[in-house]
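Reviewing the structure listed below.
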Amino acid sequence: MHISDILDQLISAVSQSNGTEDLARSLLKLMQEVTGFESVYLTTIDWNLRLQRVLYVQKQHEWGIPEGLIVDWEDTLCKRALEEGQSYTPNVAERWPDAELALSLGISTYFSLPVYSGTEQAHGTLCAVDRRSVCLDTEQLRLLEML
């Protein structure tokens, strides 16, 4: 996908969205088109209850993280990535061999960035997972950070 096409889709998503959910879904679709990940999603984190909830999901197939899933924050790759400053790994089994939940789901490649909402603590995460090993180039990583 050429950068001008990406920018056109981004402008369209922002200018034509009908609220937060519509905008989030449009951006997730764009993220998936740019990266080729099987499943991309947006989460929120409840710091009091130490839970993470998957708000919106864009999937290529039936496989992937289900919308509405609520998991213990301590069991998530998002927590590990945030604490380690490791937003992307093409080999989850090698990077985090004790990540039982992720490995049981067959996750091979993982990407995550924190989402902030006016505070210093992350409000949620923007994530992508795949059963294959997906290599991201510098341009793709920059676009994901922008989203």
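The values are calculated or read from the model by the stated rules, or taken from the named source; none is laboratory data. None of the values given here were measured: they were computed from a predicted structure. As a convention, Cβ positions derive from the backbone with ideal geometry for all residues, glycine included, and neighbour counts pool all protein chains shown. The protein model used for the area step is the full one, side chains on, heavy atoms only, and it has no ligands, DNA or RNA in it. Shrake-Rupley method; radii C 1.70, N 1.55, O 1.52, S 1.80 Å.
Tabulated data for the structure shown
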read-out: Cα centre as origin, Lys/Arg/Asp/Glu Cβ charges: the chain dipole, Debye; value: 100
read-out: CD proxy at 222 nm, helix term only [per DSSP H run n ≥ 4: -39500 (n - 2.57); per residue of the chain; nearest 500]; value: -11000 deg cm²/dmol
read-out: Amide H within-cut-off set for G124, under 5 Å, with H built and near neighbours excluded; value: I45, V115
read-out: Percent RCO, i.e. relative contact order, over the chain, from Cα pairs under 8 Å lying at least 6 residues apart; value: 21
read-out: Heavy-atom accessible surface of the chain: percent carbon and sulfur, 1.4 Å; value: 49
read-out: Tensor-based shape of the range 36-147 (alpha-carbon gyration tensor, a/c under 1.5 rounded, otherwise prolate or oblate); value: rounded
read-out: Nearest-ten-degree value, helix 20-35 long axis tilted from longest Cα axis of the chain; value: 80
read-out: Per residue accessible area in Å² of the range 39-110, where ligands, DNA and RNA are left out and the probe is 1.4 Å; value: 53
